[in-house]
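Only one structure is covered here, and it is reproduced in the block below.
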Ligand SMILES: [Zn+2]
């Protein structure tokens, strides 16, 4: 399968925006995922090999921290301004934290993988001569 081709690389489709839209970082058109969080083995449009992409826990960690900070700050503001009962806090913030994290996870993983692929960052290998 073809690796990233710098001559074919579409700089109009930046890795950040391509990843955010869950599209291939090379052509900006092919799909990055074959399911919710499972990467496609290659781009359906340009054939870019995406099998080397590995993002580990980065998107989950950053997504959880970002949504957690947003929810905690919002809960603090609501508590100070309105002082609602505890059940209101629980029924608002727990679903928002869960669905917010799930909603941000795929675009965040797309950004991580697209930037990794565009920089051809792969796992280190040892060359024994
Ligand atoms: Zn592509």
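What follows draws every value from the coordinates through simple rules; no lab data is involved. None of the values given here were measured: they were computed from a predicted structure.
Observations on the model:
- Mean projected area in nm² (Cα convex hull; one quarter of hull surface) for the chain: 10.6 nm²
- One decimal place: the segment residue 65-residue 37 gains 8.2 nm when fully extended, by the rule 0.36 nm per residue minus the C-alpha distance.
- q = 0.21, 0.26 Å⁻¹, the range 75-121: log10 I(q)/I(0) [Debye, one scatterer per Cα]: -0.73, -0.89
- Entry note, the chain: the mean residue ellipticity at 222 nm calculated from DSSP H runs of n ≥ 4, each adding -39500 (n - 2.57), is -17000 deg cm²/dmol after division by the residues and rounding to the nearest 500.
- Angle in degrees between helix 58-82 and the longest Cα principal axis of the chain, rounded to the nearest 10: 20 degrees
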